[in-house]
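*Asks:* Below is a structure I'd like to ask you about.
Read-outs throughout are calculated quantities, based only on the coordinates presented, and are distinct from any laboratory measurement. In this text, all values refer to a predicted model and were calculated from it rather than measured experimentally. Using ideal geometry, Cβ is built from the backbone for each residue, glycine included, and neighbour counts are taken over all protein chains shown.
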Amino acid sequence: MRHTLSTIAHVAVYALAVLGSLYPLIWMLAVSFQPANAAFELPPKLIFVPELSNYRKVLGDSAFVSSIVDSLAITVPATLLCVVAGALAGYALSRHRIRRQGTLTSILVISRLVPAFAIVIPTFIIYRELDLLDTRVGLILSMAAFQLPIAVLVMYRIIDAIPRSLDEAALIDGAGVIQLLTRVIVPLVKPGLAASTVLTFVLIWNEFLFILVLAGNAVITLPVTIASFETERQILWGPISAASMIAVLPIILLVLTAQRHLLAGLGLGAVRE
Amino acid sequence: MLLTPALLLVFGLRVAPMIVAGGVSLTDMNLARPYDPVRFVGVDNYGAVLASSDFADSIWSTSVIIVPAVMIEMALGLALALWLARPFRARRVARAALLTPYLLTPIVIGNFFRMFYNAEFGQLNYYAHFLHLGGGHEAWLTDPSRVRLGIIALEVWHTTPFVTLLCLAGLLSMPQSPLEAAYADGATAWQRFRHVLLPMLAPVLIAIFALRAMDALQLFDEVYVMTGGGPGHLSEVFNLYLYHQGFRQFALGTTSAASFLLVALVVALGLIAFWARRLGQRNVEVA
């Protein structure tokens, strides 16, 4: 009897934590598929005939659609650049004898911890001189550099766990360095690559401050668009909810399909298969 | 050779800007006067920042928001983790749900809470009324006595699940034998928590705390969309203050100086985290 009670209490707390965590998503999902004034209905309506008016509205807005394009055109290349540079650096830090390795690692870690404004203001000044303000290239470079330390550290941890005897065996068998990397190392670090790719993607996708300061006219990503989504008279909660659901869709898909990799990237689980 | 791309990115876009920022912090650079020559003013900016009431106000606003928020997150996150640390069939689903708030776009979260806290149509007032916890139409984000509470609650909602996951990971990787030994010796639940579990978990907790504190100091996106720093300067957290100084007053010199003062604070916190990890590793070696 006592055991049953404690199990029920346990499940109840779990359910409450899960429901609490998902409440905003559930609410926005529901509101986004209802008429525009549904946001003002209390209690929130959870049973309704879904309609697409909010989605039609935001997807009919060319500024919104172009911000989806900008978001993808910045996040995808920046993620790739970050993960490739991070993997190469992780490999070098693990396998090569590098002078001042400790200093290098510290610079990497500290550069990630430095408050954003200490970086974004001088970046603004430098970009103004180089005509990189409001360009995709400028944002891609800046975002990749911002998240690079995480990619390097995740990749270093994984590559360092691969026994060196494997490298030596491949080299003795006559493999070149390129073959060693593509045939031996890459297959072994796939889970790590996946972990740093999904985490980097999410972090860059969500970035707001850098884009607000370094762009915002010619190049606008989804978070910046959503932040400016209101008119003088009233806030358009229906379309905002639809736009928000579109903005978080890639994140939800990743949580559902690549949860293990996300947890590993955050240091919350093993990165091995 | 393999390090080249990473080094170019880090030195070109992190280290070089830091050096530029250090230089700018010693000048009177101001975007509102683009054609005036930029003058060297030494450490005047630092003095001006430390003496300004806006700076002091933003430090105070940040502290009264993030200190309680991080404390509550840690306590609640640990409590939840202790409660949840047992085999459970739907664990995978639950983990996905707990991971979600931390990964959601902060701007989206800020927008949601703006609706949630709305005085007339907000769900919070509705639920409070429904549960007989409060009356009608409290304006959570424009009422000076409530706005900070509103932001603290958002922060707690946003990060407690993540702290729970971090604590769970720490708990599950802990050796079980000391707890079992304490149990066999007849220690009460509180004694086992206070004298066995807490000391073993302490390095993990300190590391989580440092991580959360550094993150919380950077609070910006959610507050930017929810209140923009108002009413008055009541919710103008440190990053919003920097944003207003830099891109409304265009005083890049003083803004750089102020951001360097924040860097000093964060580096101090980082050193604490590093030291805690060292301590943790040593403890593991001893055990």
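*Asks:* Taking the Cα centre as origin and putting +1 on Lys and Arg beta-carbons and -1 on Asp and Glu beta-carbons, what dipole magnitude results for the stretch A:9-149, to the nearest 20 debye?
*Replies:* Charge dipole, the stretch A:9-149, about its Cα centre: 720 debye, nearest 20.
*Asks:* OK, next. What is the projected area of the convex hull of the Cα atoms of the stretch B:34-154, averaged over all directions, in nm²?
*Replies:* Projected over every direction and averaged, the Cα hull of the stretch B:34-154 covers 13.3 nm².
*Asks:* Would you order A:H261, A:H96, A:H10 from fewest to most other beta-carbon atoms within 10 Å of each residue's own beta-carbon?
*Replies:* If I rank by nearby Cβ atoms, fewest first, I get A:H96, A:H10, A:H261.
*Asks:* Also, I was wondering about something else. Starting from the amide H of B:Q218, placed 1.01 Å from N in the peptide plane, find each other amide H under 5 Å away whose residue is 5 or more places distant or on another chain.
*Replies:* Those qualifying (amide H under 5 Å, at least 5 residues apart or on another chain) number zero.
*Asks:* Compute a Gaussian network model of chain B, connecting alpha carbons closer than 10 Å, and tell me which residue from B:I19, B:I65, B:I152 fluctuates the most.
*Replies:* B:I19
*Asks:* While we're here: Looking only at A:S142, A:S244, A:S165, which one moves most when chain A is put into a Gaussian network model with springs between Cα atoms under 10 Å?
*Replies:* So, out of A:S142, A:S244, A:S165, the one fluctuating most is A:S165.
*Asks:* Evaluate the relative contact order of chain B (contact order divided by residue number), counting alpha-carbon pairs under 8 angstrom at least 6 apart; express in whole percent.
*Replies:* For chain B, the relative contact order is 30 percent.
*Asks:* Something else: In a GNM of chain B with a 10 Å cut-off on Cα contacts, which of B:G170, B:G12, B:G122 has the highest mean-square fluctuation?
*Replies:* B:G12
*Asks:* Treat each spin label as a single point 7 Å out from the Cα along the C-beta direction, and report the B:A181 to A:E51 distance in nm.
*Replies:* 6.9 nm
*Asks:* Can you give me the C-alpha center-to-center distance between the stretch B:173-197 and the stretch B:56-115, rounded to a whole angstrom?
*Replies:* 28 Å
*Asks:* In whole Hz, what ³J(HN,Hα) sequence does the stretch B:157-172 give by Karplus (6.51, -1.76, 1.60; θ = phi - 60°), x for Gly and Pro?
*Replies:* Whole-Hz 3J(HN,Hα) from phi for the stretch B:157-172: 4, 5, 10, 4, x, 5, 4, 4, 4, 5, 5, 4, 4, x, 4, 6.
*Asks:* Where does the stretch B:92-233 land on Rg/Rh, using Cα atoms and the Kirkwood Rh?
*Replies:* Taking Rg over the Kirkwood Rh, I get 1.10.
*Asks:* I'd like the FRET efficiency for B:A48 and B:Y127, computed as 1/(1 + (r/R0)^6) with the beta carbon distance as r and R0 of 60 Å, rounded to 0.05.
*Replies:* Efficiency, from the Cβ-Cβ distance: 0.85.
*Asks:* Projected onto the charge dipole of the protein assembly as shown (+1 at Lys/Arg Cβ, -1 at Asp/Glu Cβ, origin at the Cα centre), which of A:V202, A:I158, A:T123 gives the Cα projection farthest towards the positive end?
*Replies:* The residue sitting farthest along the positive end of the dipole is A:I158.
*Asks:* Same structure again: How high is the relative contact order of the stretch A:76-229? Use alpha-carbon pairs under 8 Å, at least six apart in sequence, and give a whole percent.
*Replies:* It rounds to 39 percent for the stretch A:76-229.
*Asks:* Spin-label point model (7 Å from Cα, Cβ direction): what's the A:R183 to A:N217 distance in nm?
*Replies:* Calculated label separation equals 5.5 nm.
*Asks:* Could you give each residue of the stretch B:202-207 its phi-based ³J(HN,Hα) in whole Hz, using Karplus coefficients 6.51, -1.76, 1.60 with θ = phi - 60°, and x for Gly or Pro?
*Replies:* Ordered by residue, 3J(HN,Hα) equals 3, x, 4, 5, 5, 5 Hz.
*Asks:* Mind checking the mean number of beta-carbon atoms from other chains within 10 Å of the Cβ atoms in B:120-132?
*Replies:* Other-chain Cβ atoms within 10 Å of each residue's Cβ, averaged: 2.
*Asks:* Per-residue HN-Hα couplings for the stretch B:59-71, Karplus 6.51 cos²θ - 1.76 cosθ + 1.60 at θ = phi - 60°, whole Hz, x for Gly and Pro?
*Replies:* Listing the rounded values in order: 4, 5, 4, 4, 5, 5, 8, 7, 5, x, 4, 5, 4 Hz.
*Asks:* Once the other residues with Cβ under 11 Å from the Cβ of A:I74 are scored (Lys, Arg +1; Asp, Glu -1), what is the net sum?
*Replies:* Within the 11 Å Cβ shell, the charges total -1.
*Asks:* Below 8 Å between Cα atoms, with a sequence gap of 6+, how large is the relative contact order for chain A in percent?
*Replies:* 29 percent
*Asks:* Which value, in debye to the nearest 20, describes the size of the charge dipole of the protein assembly as shown about its Cα centre when Lys and Arg Cβ atoms bear +1, Asp and Glu Cβ atoms bear -1, and nothing else is charged?
*Replies:* Roughly 1620 debye for the protein assembly as shown.
*Asks:* Suppose only helical runs count, i.e. DSSP H with n ≥ 4. What mean residue ellipticity at 222 nm does that imply for chain A under -39500 (n - 2.57) per run, divided by all residues and rounded to the nearest 500 deg cm²/dmol?
*Replies:* Taken over chain A, the calculation gives -24000 deg cm²/dmol.
*Asks:* Amide H to amide H, which residues 5 or more places from B:T27 or on other chains are under 5 Å from it, using H placed in the peptide plane?
*Replies:* HN-HN under 5 Å from B:T27: B:V41.
*Asks:* In what sequence do B:I66, A:I159, A:I178 fall when counting other Cβ within 10 Å, fewest first?
*Replies:* Ascending Cβ contact count within 10 Å gives the list A:I178, A:I159, B:I66.
*Asks:* Given R₀ = 51 Å, FRET efficiency for B:H195-A:T135 by Cβ-Cβ distance, to 0.05?
*Replies:* 0.30
*Asks:* Taking neighbour Cβ counts within 10 Å as the exposure measure, how do B:F121, B:F260 sort from fewest upward?
*Replies:* Ascending number of Cβ neighbours within 10 Å: B:F121, B:F260.
*Asks:* Separation between the A:L59 and A:R95 pseudo-spin-labels, each 7 Å from Cα along Cα→Cβ, expressed in nm?
*Replies:* Taking the two extended label points, one gets 4.6 nm.
*Asks:* Moving to a separate point now. Quick one: which residues, 5+ away or cross-chain, put their amide H under 5 Å from the amide H of B:G230? H built at 1.01 Å from N.
*Replies:* Residues meeting the amide H criterion: B:S235.
*Asks:* What length, rounded to one decimal in nm, is gained on full extension from A:I26 through to A:V13, with 0.36 nm per residue of separation minus their alpha-carbon distance?
*Replies:* Result: 2.8 nm gained on full extension.
*Asks:* Taking +1 at the Cβ of each Lys and Arg and -1 at the Cβ of each Asp and Glu, which of B:P5, B:G22, B:L82 sits farthest along the dipole of the stretch B:1-140 towards its positive end, judged by Cα position relative to the Cα centre?
*Replies:* B:L82
*Asks:* Using only atoms on other chains, find how many Cβ atoms lie within 10 Å of each Cβ of peptide B:17-23 and report the average.
*Replies:* 6
*Asks:* Under the definition of partner shielding as Cβ atoms of other protein chains within 10 Å of a residue Cβ, what is the mean value for peptide A:38-51?
*Replies:* Shielding by partners across A:38-51 averages 2.
*Asks:* How large is the helix-only mean residue ellipticity at 222 nm for chain B, computed as the sum of -39500 (n - 2.57) over DSSP H runs with n ≥ 4, divided by its residue count, in deg cm²/dmol to the nearest 500?
*Replies:* The helix contribution divided over chain B gives -22000 deg cm²/dmol.
*Asks:* Still on this structure, I have one more. In debye, nearest 20: dipole of chain B around its Cα centre with unit charges on the Cβ of K, R (+) and D, E (-)?
*Replies:* Value, rounded to 20: 940 debye.
*Asks:* Work out which helices of chain A, taken as complete DSSP H runs, extend at least 24 Å along their axis over the Cα atoms and score a mean Kyte-Doolittle of 1.6 or more, then list them.
*Replies:* Both cut-offs are met by A:237-257.
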